[in-house]
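**Student:** Okay, here's the structure, questions in a sec.
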Amino acid sequence: MKKNQRTNCIVCDKNGLSKNEIGLNKKLLGREVKVFYCIDCLANELDLTTEKLLEAIENFKEQGCVLFE
């Protein structure tokens, strides 16, 4: 994905997903994923809470994963 490319949620069309949202999609759905969900739609898709996904992002950051800010 190009650095300045704008990315929208495939479900709700939220414009300009954050690096953390894109990173979470890649981490959970595979690095080659071409369509992305916002954090709320991803939580719904995976039957998780938004809070659990936010916790996961923090855990991945602590582990040093380069997909996150």
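**Student:** How high is the relative contact order of the chain, in percent, counting Cα pairs under 8 Å that sit 6 or more residues apart?
**Tutor:** Once divided by the residue count of the chain, the mean separation gives 32 percent.
**Student:** Continuing with the same structure: In the chain, what percent of the accessible surface is made up of carbon and sulfur (1.4 Å probe, ligands and nucleic acids excluded)? Provide the component values of the computation, followed by the final result.
**Tutor:** Numbers: 2240 of 4790 Å².
In the chain, the share of accessible area belonging to carbon and sulfur is 47 percent.
**Student:** Give the span of the chain's Cα atoms along each principal axis, as three whole-Å numbers ordered largest to smallest.
**Tutor:** Sorted from largest, the Cα extents of the chain read 27, 27, 18 Å.
**Student:** Also, I was wondering about something else. What's the magnitude of the charge dipole for the chain around its Cα centre, counting Lys and Arg as +1 and Asp and Glu as -1 at the beta-carbon? Answer in Debye, nearest 20.
**Tutor:** Here the chain has a charge dipole of around 500 debye.
**Student:** List the trypsin sites (Lys or Arg not before Pro) in the chain that DSSP assigns to loop (not H, G, I, E or B) and whose Cβ has at most 10 other Cβ atoms within 10 Å. Which are they?
**Tutor:** Lys2, Lys3, Arg6, Arg31, Lys34
The values are calculated or read from the model by the stated rules, or taken from the named source; none is laboratory data. The structure displayed is predicted, hence computed values, not measured ones. Please note: Cβ atoms are built from the backbone with ideal geometry, for glycine as well, and neighbour counts cover all protein chains shown. Only protein heavy atoms, including side chains, enter the accessible area calculation; ligands, DNA and RNA are left aside. Shrake-Rupley method; radii C 1.70, N 1.55, O 1.52, S 1.80 Å.
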